[in-house]
Amino acid sequence: MHKISKKLFYTGLMRFFLTVFSLAISPILALKLVFLFYPEFLDPAFNIFIIGSVSVSLLASYFYVFHHYKTVHETIQPMTKLADIGKLASQVVHDLRSPLSSLEVVLLFFRGQKNKDQDFKDHLNLLDLCSKRFQKITEDLLKKYRSQDEKKETFEIHEVLDELVGEYQTQLSFSDIQFHKQYASQSLFIEGNRGHIERACSNIIKNAIEAMSYKGNIYLQTSFQKEKVKVAIQDSGPGLDDQKIQKILKGNFTQGKQDGHGIGLTFVRQVLTEHNGILNITSHPGKGACFEMELPLTPKELTPFTLMIPKNTSVLVIDDDESILEQWRMKLESQGHSVILATSFEDFVSKELSIENGLTAIVDYHFENSETDGLAILTFLKEQGWKNLYLCTAEYWKPSLKQAAKQLGVPLCPKPLPEIKVQPYQLSIVDMNFSEEPKKTGAVIH
């Protein structure tokens, strides 16, 4: 028996004896007074009545103590289990710290290696992300069972989604899953536990992948309205009927998994409750399911991204997303700059531009319509004499990409596009010292 329940049991036992004293001894003392003044009441029938009354009182006292102990035991039992889980959680976290520290040392070693192989960089990114998530989960686990208040932080939801997509895309088991991002045109911030929101999104994505039998499409869409952020994760799986949707919303529902207990979606609901959010599910059998999380939007004054652009010059923008090209065109033309748009390196080459057309170029990193990535394009432009080069990508969070951009000497501009501030400057003689025969862009990058 648990120490606390023992203590409460003995307290109840003491109350039992006190009750016996009050219900049995007190009437006997009262009867002595009655018999002293009224001896005629001393007949056998009356004595039997008195003994029966005392017996009933004792029996009532017993049932009172038994019910009291049962109630206390039912209350203490979950507390005992929770305490045991807390001890186990502390032990697990303690045991994991050593291998996590070793993993961090190994990661530090590989980060220092100069390796141009993209697979090496992608796997290093994956290890980095997994290590950080692992550390965050163990920290949250320890705080939860030590009843420590969790510190809130303000974070950008697109960064969370991008990191998760990058984590899944690097793993071979998810190679048949295609991710499609349909983000809001501006950064969206949430205040709360970043790790919990990340795990909630990951649980929904993982369930979607399993529902599609590891083959299909997942659409990530963000939007905002007034003071709310909406994050929708939709799959192309078999979908759900209304009955199953209601079971999911109630909790502990799983489908098609031998080891599934519905814990993942239960955690999603708990996290949304913690963040004053709402979970909405829409689905039609055979047409996939959409899980939409609605969370409070946290206003944040953003630091604008500054572009250094010479006065009276054009700006080259290369991106395979037509909507991004249009955003750049509107932003730059409003600042008085003409804009040259291209959808790929090949499209740029076909325009036969030279350095005389401008000194500033903004280039996407990943192109669906070309094998030439943004780093290769920027390297080519730098060799051609272009001065103000920027890499604009939704993969700005990748450690390997940050390192590559730093080595090339180009700033990273995130997607969705932040607030853009143009800093115009006057061309120097060095900048205007073009060769007599300006280099054309007819070269091919291998």
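The values are calculated or read from the model by the stated rules, or taken from the named source; none is laboratory data. Not measured: the values here are computed from a predicted model. Positions of Cβ are backbone-derived with ideal geometry, glycine not excepted, and every protein chain shown enters the neighbour counts.
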- Tell me, which residue of the range 307-340 that is touching a helix residue (DSSP H, G or I) at 6+ places or on another chain (Cβ under 6 Å) and modelled with pLDDT of 90 or more is farthest from TYR390 (Cα to Cα)? VAL339
- Across the range 171-188, the tally of residues that are buried (at least 20 other Cβ atoms within 10 Å of the Cβ) and not in a loop (DSSP other than H, G, I, E, B) stands at 1
- Those residues of the range 123-155 which are more than 17 Å from GLU198 (Cα to Cα) and modelled with pLDDT of 70 or more amount to HIS123, LEU124
- Message: Quick check on HIS158: is it touching a strand residue (DSSP E or B) at 6+ places or on another chain (Cβ under 8 Å) and either in a loop (DSSP other than H, G, I, E, B) or at pLDDT 70 or above (or both)?
- Response: yes
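Could you check the range 293-339 and list, in sequence order, the residues that are under 12 Å from ILE362 (Cβ atoms) and among the aliphatic types (A, V, I, L, M)? Spell out how you get there, then give the answer.
To start, the set of residues in the range 293-339 that are under 12 Å from ILE362 (Cβ atoms) comprises 305, 307-309, 314-319, 324-325, 327-329, 331-332, 337, 339.
Selection gives LEU307, MET308, ILE309, VAL315, LEU316, VAL317, ILE318, ILE324, LEU325, LEU332, VAL339.
Of all residues in the range 164-195 being acidic (Asp, Glu) and modelled with pLDDT of 85 or more, which is nearest to ILE233 (Cα to Cα)?
Filtering the range 164-195 for residues acidic (Asp, Glu) gives 167, 176, 191.
Still in the list and also modelled with pLDDT of 85 or more: 176, 191.
Working: ASP176: 17, GLU191: 20 Å.
Top of the filtered list is ASP176.
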- Query: Quick one: which of ILE197, ILE204, ILE177, ILE190 is among the β-branched types (Val, Ile, Thr) and without any contact (Cβ under 8 Å) to a residue 60 or more places away in the chain?
  - Reply: ILE177
- Item | Wholly enclosed strands (runs of 3 or more DSSP E) of the range 269-329 bearing at least 2 residues free of Cβ contacts under 8 Å to residues at least 60 places away in the same chain and within 30 Å of GLY374 (Cα to Cα) | 315-318
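Report yes if LEU417 is without any contact (Cβ under 8 Å) to a residue 60 or more places away in the chain and touching a helix residue (DSSP H, G or I) at 6+ places or on another chain (Cβ under 8 Å), otherwise no. Show your work before the answer.
On the way: without any contact (Cβ under 8 Å) to a residue 60 or more places away in the chain: no; touching a helix residue (DSSP H, G or I) at 6+ places or on another chain (Cβ under 8 Å): yes.
So LEU417 does not fit the description; no.
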